There are 2 protein chains.
Amino acid sequence: MANPGLEDQGTIDLAEYILRRLIQLGVGTVHGVPGDYNLTILDYIKPLGLTWAGNANELNAGYASDGYGRIKGIAAMITSFGVGELSAINAIGGAFAEKSPVVHLVGTAPQSAQKTKACVHHTLGNGDYRAFPEMNKYVTVAQANLTDAESAPGLVDAALKACILHSQPVYIQLPTNLVKAQVRAPTTPIDLSHPGYDEGYENKVLDALVEKLQSAKKPVILMDGLTARFHINEVINEFVRKTGFPTLSTPFGKGIVNENLPNYQGSYDGAVGDESTKQQIDDADLILNFGPLYSDVNAIGFSAVPRADVTVVFETHAVKFGPEPADPKGRAIQIKSFMTKLLKRLETTQLPKIQPFTRGASVSPNLLKALKPAADGDPLKQDEFWLRMSKYLKPGDLLLTEAGTSFAGANTFILPENTILLNSCLWLSIGYTLPALQGSALAQRELRKEGHKEGTRSSGRAILFIGDGSLQMSVQGISDIIRNRIDATIVVINNDGYTVERVLHGFEESYNEIQPWRNTLAPAFFGAPENDPNYPVITAQVRNWGELWSVWERKDVQAGKGLAMIEIFMNWADAPKLLVEVAAYVANRNKAMEA
Amino acid sequence: MANPGLEDQGTIDLAEYILRRLIQLGVGTVHGVPGDYNLTILDYIKPLGLTWAGNANELNAGYASDGYGRIKGIAAMITSFGVGELSAINAIGGAFAEKSPVVHLVGTAPQSAQKTKACVHHTLGNGDYRAFPEMNKYVTVAQANLTDAESAPGLVDAALKACILHSQPVYIQLPTNLVKAQVRAPTTPIDLSHPGYDEGYENKVLDALVEKLQSAKKPVILMDGLTARFHINEVINEFVRKTGFPTLSTPFGKGIVNENLPNYQGSYDGAVGDESTKQQIDDADLILNFGPLYSDVNAIGFSAVPRADVTVVFETHAVKFGPEPADPKGRAIQIKSFMTKLLKRLETTQLPKIQPFTRGASVSPNLLKALKPAADGDPLKQDEFWLRMSKYLKPGDLLLTEAGTSFAGANTFILPENTILLNSCLWLSIGYTLPALQGSALAQRELRKEGHKEGTRSSGRAILFIGDGSLQMSVQGISDIIRNRIDATIVVINNDGYTVERVLHGFEESYNEIQPWRNTLAPAFFGAPENDPNYPVITAQVRNWGELWSVWERKDVQAGKGLAMIEIFMNWADAPKLLVEVAAYVANRNKAMEA
């Protein structure tokens, strides 16, 4: 195999072509599981300088790729057709829904077997080889079925471009007989520009926006999670700082804005959140809504969807005013260029001086101040735990919060600067975050090694908060963490079952119970090293405040090096206020819908 | 909720209707994972006398349902739409390919949300609620989207009938707003007769077959795995006994014929099996091929597909002669009725007296006899291990063998009578058998409790042989085994990675390595009881023959009560002869196909 650094090497194998394109786009590690239809593709990984993560199963490989893609802006996974790709398809669905750019490369049976509808293993036995790509059409934005050396490079490039432009998964089928097909080595990078990009249009939109900013009396910035897909966090924060406009985060958008900024006002939780915050959003005459995802969960039963008539929506390729549809001529902007120009314009533009909101009593810093001191022996309560944990978070931490109590509780965190918070607000497949911890922490490590600015702002710590029920779904993710020597702290909230489901329905029903595990045995079971100074392993159990403090104040826990597994016991019936209130709100709405 | 035993109770809730139909068809336990769109369905489980298995994740619930369905002839699983159903879809694909009758009941969002394309959690965010049922069309034989109380019972009945007739999975969507919709309670059982069933035709086919049997000079019975879907093992064995015809098993069909019968001749492994066996199949003038599945793996690279011109194929609703297509008039037989009549006819029919085959040197009993005694300290070798393990198998054991070395090795087992052997020969999704062990052993336990004949022939033991790589895919299945207090023996063949893949390609490549686990910690990690006399837990590690004997001769291991986790270390490069030869055969064929 040729050195990928060289300029023009004539022809190369098709498998190498695909992997070199991935490297050009920023992939450093490939996730997946080996299988007989992809083994010859795997031969190319190491010689090209890529790392093979080698996951314990495909669903976890998919979740890990999603996490990796959110950090690096591109991820790649390799599976075998039929069994492997279908095991991963729920993760691909999640990446599609929440827009993580994952390239799913599937090793398929040789074309001769496909043409003769041969009953080879991993098929459905009915000769239908198209079933799998057809299924994948619903969860990917582009599909490339590679059938010959001539068309393959173009199809690969088009799929990869779609992956980046949409920040959503794509699907590439490589039959075993084409792995070594000779194709021309890539000599130019893939053109990643949006086909509708129009600088004149971008400038016009910019002018219109500046006008709106100048005339606003009660502007608000509402930061949502898809803003992270812009990959311009610094620019976004500079905009927040420069305007001084009151700024709120959705649950999905938490962590994007530096919470230390004086105009950061906390979380916007619609009907169930802080009342004075809601009032001020209701009174706003301009809502700058970055990267919105108006799901029932993120928009709190749709009660937090901002009023269209006062809202400007910022997306990767569009800035939309009010209830207007997308540009009828299909013209697009480029958000990085747009925001950079906007910042420049603000240097010479007089903006209205806006007073920060009056913070309500139920905004996190006020809630924390109001907490009565807890005695060491007191049991841990959900509504206090998350607020108090804030002081153990460090600038640059990578935080993941699993669906359910952790997601809801972490919404009250008071975050230090440069933290990244990953969660799920639409797909909400429980178990997602454990493998996503592996993938995202690995991506952060790569960014650090590559000297990337985002990487160097990292603390090196990656901390997951996950419930005991969710942990069971994808627990092999711990094995993948150890195998890849990821520095990770896993905080298991053990509350004896699916508390989020209890809150929704069947509070005391046995179907919301789970098999109780001895969670702190996990590192030993999954083969963590026992005396490796480069990868220390910590396990601890916590049942009250005193134990919590003594664990979190340990130097090795604070350092976050190696693997820490901290099991925190909470009452099965206890849940964060947000979760209880959202559940009640959604349940009522559902009842109305069912009537 | 009404008592399901009563005759006519007027109207009942739709969810109850579905579950009562499942009970009527033989479902005793429902597998699945709770989720907010199915919680209200779960409320009906316990009051109707059903058991909720409560799996750790949906893929495992699907695998467990497949195993349960193979034993009981019907299985049911409940998931949440989107995330839950897609997590399970690989298992549903396997049930489709290998014909296990699984009813997949999916709790969906209320119809009002679907109609308005609401962006509720577990959707793709694009309002496409039909994506999931469209994806499921490829892996189920019927889909019922329940939309109103009037049509729902008919749609449910039709789907369940398709499930039974095809012995393949079906898909039912129940929106939360229809769970309590009032429908008429079922007063008659579902009509399960094949629409094309024609007794006159059945008799004509019978006559033709009897004629063929009488005129055969060199007949052979070739028993394949889909025969198990007939659920008439005793009748099949009586046929084998009465005819005295030489009888062979495919890898997928192993265990169906009593291997103690004098005319049982061992396994048929086509091009790589015993040569004298192959010669005699090649010379046959009549091959009675029961329940065939001609996949590359089961038919050994298609080298073991019998010659069409001398073959009679027995299926659930057809007996086909030679290369003839299915009956052009669409007429069907019913295999149980057909075989029962056939046995009756054989009482008065003179059949040719056929000499048994001369058994070749590589037939298991001969291989076992030829083995040199092993010293206690000698390491275990694959080609000796499986033969020697035969003596520890008991009549009535339920055996499962995972894809890879276990599948290939177990093909040389010498089985006592009434054993059931479950494996995968087409879908081959690694990790399948661990949850399938839970499901199938649970189904066997139910049959015993119900006093069913198949159940009473059971030893009460369920033994899985699985490799260390496969175990990692679905390891939570151990938790489900413990939670449901399944008596199970798990034999982990620890050979340091994916040996089956090594044999295929990349023998020493790091991508075929896995994270080494401390496998015998599994029971403790997954919360097995520590001192429960009703559920004893055994763990052991075995590195040589002496350790193997001493473990298997323990009374508690022999009893198979509770959970035993036995880890057997073998050399990473060692593989059963069948696996090596099939891999070489398939690799050569693939190369030819790729040329």
B:ARG229 - would you say it is modelled with pLDDT of 95 or more, within 14 Å of chain A (Cβ to nearest Cβ) and either within 27 Å of B:GLU347 (Cα to Cα) or more than 23 Å from the chain's Cα centre (by Cα) (or both)? yes
Looking at segment B:77-102, which of its residues are within 15 Å of the chain's Cα centre (by Cα) and either away from every other protein chain (no Cβ under 14 Å) or not polar (S, T, N, Q) (or both)? B:ALA91, B:ILE92, B:GLY93, B:GLY94, B:ALA95, B:PHE96, B:ALA97, B:GLU98, B:LYS99, B:PRO101, B:VAL102
Please state which one of A:THR340, A:THR412 is crowded, with 19+ Cβ neighbours inside 10 Å and not aliphatic (A, V, I, L, M). A:THR412
Here is a check on your reading of the model: is A:SER100 closer than 22 Å to A:GLU450 by Cα, outside the structural domain of A:LEU428 (by the TED database) and touching a His at 6+ places or on another chain (Cβ under 6 Å)? no
Mind checking which pairs have a first residue in segment A:321-340 that is on the phi > 0 side of the Ramachandran plot and a second that is of a type outside the set (S, T, N, Q) and open to solvent by less than 20 Å² (accessible area, probe 1.4 Å), Cβ under 7 Å, 6 or more apart or different chains? A:GLY330/A:GLY196
Please return the ranges of strands (runs of 3 or more DSSP E) entirely within segment B:1-110 where 2 or more residues are polar (S, T, N, Q). B:75-80
Considering each residue of segment A:229-243, count those that are over 22 Å from A:VAL305 (Cβ atoms), open to solvent by 20 Å² or more (accessible area, probe 1.4 Å) and not acidic (Asp, Glu), and give that number. 6
What are the pairs, 6+ residues apart or on separate chains, where a residue within segment A:528-543 that is closer than 14 Å to A:GLU567 by Cα has its Cβ under 7 Å from a residue that is among the β-branched types (Val, Ile, Thr) and in a strand (DSSP E or B)? A:ALA540/A:ILE566; A:VAL542/A:ILE566; A:VAL542/A:ILE568
Residues being out of contact with any helix residue (DSSP H, G or I) (no Cβ under 8 Å at 6 or more places or on another chain), closer than 24 Å to A:GLN279 by Cα and either in a helix (DSSP H, G or I) or outside the structural domain of A:VAL312 (by the TED database) (or both) - total across segment A:197-237: 3
Across (1) more than 13 Å from every other protein chain (Cβ to nearest Cβ); (2) of a type in the set (A, V, I, L, M, F, W, C); (3) open to solvent by 10 Å² or more (accessible area, probe 1.4 Å), B:PHE407 clears everything bar (1)
Unmet criterion (only one of (1) open to solvent by less than 80 Å² (accessible area, probe 1.4 Å); (2) of a type outside the set (Asp, Glu); (3) over 14 Å from A:LYS242 (Cα atoms); (4) modelled with pLDDT under 95) for A:PRO325: (1)
If only one of A:TYR511, A:TYR535 is crowded, with 18+ Cβ neighbours inside 10 Å and hydroxyl-bearing (Ser, Thr, Tyr), which one is it? A:TYR511
Residue in segment A:244-259 that is farthest from A:LYS341 (Cα to Cα), counting only those that are surrounded by 22 or more Cβ atoms within 10 Å (Cβ to Cβ) and over 22 Å from the mean Cα position of the chain (by Cα): A:PRO246
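Yes/no matrix, rows are residues, columns are (1) part of a helix (DSSP H, G or I); (2) open to solvent by less than 10 Å² (accessible area, probe 1.4 Å); (3) touching a Phe, Trp or Tyr at 6+ places or on another chain (Cβ under 9 Å); (4) not acidic (Asp, Glu):
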{"site": "B:ALA149", "(1), (2), (3), (4)": "no, no, no, yes"}
{"site": "B:ASP157", "(1), (2), (3), (4)": "yes, no, no, no"}
{"site": "B:LEU165", "(1), (2), (3), (4)": "yes, no, no, yes"}
{"site": "B:ASN177", "(1), (2), (3), (4)": "yes, no, no, yes"}
{"site": "B:PRO189", "(1), (2), (3), (4)": "no, no, no, yes"}
What number of residues within segment A:451-508 satisfy the criterion of being without any contact (Cβ under 8 Å) to a residue 60 or more places away in the chain, open to solvent by 20 Å² or more (accessible area, probe 1.4 Å) and closer than 25 Å to A:PHE385 by Cα? 1
Filter segment A:128-146 down to residues that are farther than 17 Å from A:ALA158 by Cα and either open to solvent by 10 Å² or more (accessible area, probe 1.4 Å) or among the basic types (Lys, Arg) (or both), then give me how many there are. 5
From the residues in segment A:260-298 that are crowded, with 22+ Cβ neighbours inside 10 Å and of a type in the set (Asp, Glu), which one is farthest from the other protein chains (Cβ to nearest Cβ)? A:ASP274
The lone condition A:ASP36 fails out of (1) open to solvent by 10 Å² or more (accessible area, probe 1.4 Å); (2) modelled with pLDDT of 95 or more; (3) of a type in the set (Asp, Glu) is (2)
Pick from A:ALA592, A:ALA587, A:ALA583: which is free of Cβ contacts under 8 Å to residues at least 12 places away in the same chain and within 12 Å of chain B (Cβ to nearest Cβ)? A:ALA592
Does any residue of segment B:113-129 turn out to be within 7 Å of chain A (Cβ to nearest Cβ) and closer than 30 Å to B:ALA228 by Cβ? no
For segment A:111-124, what are the residues that are open to solvent by less than 10 Å² (accessible area, probe 1.4 Å) and in a loop (DSSP other than H, G, I, E, B)? A:VAL120, A:THR123, A:LEU124
State which residue is surrounded by the fewest Cβ atoms within 10 Å (Cβ to Cβ) when the search covers only segment A:40-75 and only residues that are under 15 Å from the mean Cα position of the chain (by Cα) and among the hydrophobic types (A, V, I, L, M, F, W, C). A:ILE74
Hey, which of the helices (runs of 4 or more DSSP H) in segment A:448-536, taking only ones fully inside, have at least 2 residues that are within 12 Å of another protein chain (Cβ to nearest Cβ)? A:468-473, A:477-483, A:499-504, A:522-525
Looking at (1) over 22 Å from the mean Cα position of the chain (by Cα); (2) touching a residue at least 12 places away in the same chain (Cβ under 8 Å), which one does A:SER167 not meet, given that it meets all the others? (1)
Within segment B:103-112, the count of residues that are over 24 Å from B:TRP52 (Cα atoms) and either at the interface with chain A (Cβ under 7 Å from one of its Cβ atoms) or of a type in the set (Phe, Trp, Tyr) (or both) comes to 1
Take the residues in segment B:514-532 that are among the polar types (S, T, N, Q) and open to solvent by 10 Å² or more (accessible area, probe 1.4 Å), then tell me which one is farthest from A:ASN494 (Cα to Cα). B:GLN515
Residue hits (segment B:359-389; part of a helix (DSSP H, G or I) and open to solvent by 10 Å² or more (accessible area, probe 1.4 Å)) are B:SER364, B:PRO365, B:ASN366, B:LEU367, B:LEU368, B:LYS369, B:ALA370, B:ASP383, B:GLU384, B:ARG388
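The values are calculated or read from the model by the stated rules, or taken from the named source; none is laboratory data. In this text, all values refer to a predicted model and were calculated from it rather than measured experimentally. All Cβ positions, even for glycine, are placed from backbone atoms using ideal geometry, and neighbour counts span all protein chains on display. With ligands, DNA and RNA removed, areas are computed over all heavy atoms of the protein, side chains included. Shrake-Rupley method; radii C 1.70, N 1.55, O 1.52, S 1.80 Å.
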